[in-house]
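In what follows, a single structure is set out as structure tokens and then discussed.
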Amino acid sequence: MAVKKRPCRVCRKWFVPDVHEGLRQQFCTSAKCQKERHRRGCAAWRKRNPDWDRADRLRRRMHVEDTPVARETIAKDPMRGVRWDKVRAAVGVGVAVVVEETCGMVSDFSRQLRKQKNRPKTRGKMG
């Protein structure tokens, strides 16, 4: 089935869409039109995700710097991977304390599960 020509949404020149794209292709392949397509796509994404950049900056501030020593410490205790001073500044002391305590309880629980999993299983009588 042949794909029919259509006008580009930027330059309004008629073009033949790529066979694999078919009806979905709305822009021609010129660099100017592709740049405008990208700009519009980014603007639409930012409109759908208005707080993403602010949340991403906060996520980056909250994590401890990635170094071999930090990775080893975090592997032993994941709670040390978070900069709690930055969390408290972002959400307030009350919320940060609740989150910190909840994370600590989950961390302790998973540590206990790992210990139980690593215990040797004994069945029957020993000796």
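Each value in this text was obtained by applying a stated rule to the coordinates, not by laboratory testing. What you see is a predicted model, and the numbers here were worked out from it, not measured in a lab. Neighbour counts are summed over all protein chains in view; Cβ atoms, including those assigned to glycine, are modelled from backbone coordinates with ideal geometry.
Restricting to DSSP loop positions (anything but H, G, I, E, B) with no more than 15 other Cβ atoms inside 10 Å of their own Cβ, which GluC sites (Glu not before Pro) remain in the range 29-127?
Details: sites: 36, 65, 72, 100, 101; in loops: 65.
Taking the range 29-127 and a limit of 15 other Cβ atoms within 10 Å, the loop GluC sites (Glu not before Pro) found are 65.
Under 8 Å for C-alpha pairs, at least 6 residues apart: give me the relative contact order for the range 6-48, rounded to a whole percent.
30
Determine the relative contact order of the chain: mean sequence separation of Cα pairs under 8 Å and six or more apart, normalised by residue count, in whole percent.
12
Can you match Rg/Rh (Cα atoms, Kirkwood Rh) to one of these, (i) 1.01; (ii) 1.08; (iii) 1.32, based on a calculation from the structure here?
(iii)
Starting from the eigenvalues of the Cα gyration tensor, five times each then square-rooted, give me the equivalent ellipsoid semi-axes of the range 45-92, largest first, whole Å.
Largest first, the range 45-92 gives 26, 13, 7 Å.
Scan the chain and report its longest stretch carrying no trypsin sites (Lys or Arg not before Pro) that are both in a DSSP loop and have at most 16 other Cβ atoms within 10 Å.
Answer - 14-82.
Work out Dmax and Rg for the range 1-72 from the C-alpha atoms and quote the Rg first, both in angstrom.
In Å, with Rg to one decimal and Dmax whole: 20.4, 60.
Say we join alpha carbon atoms closer than 10 Å with springs in a Gaussian network model of the chain; which of 19, 93, 106 then has the biggest fluctuation?
Ranking 19, 93, 106 by mean-square fluctuation puts 19 first.
Could you tell me the distance between the Cα centroids of the range 1-67 and the range 88-111, to the nearest Å?
So the separation of the two Cα centres works out to 38 Å.
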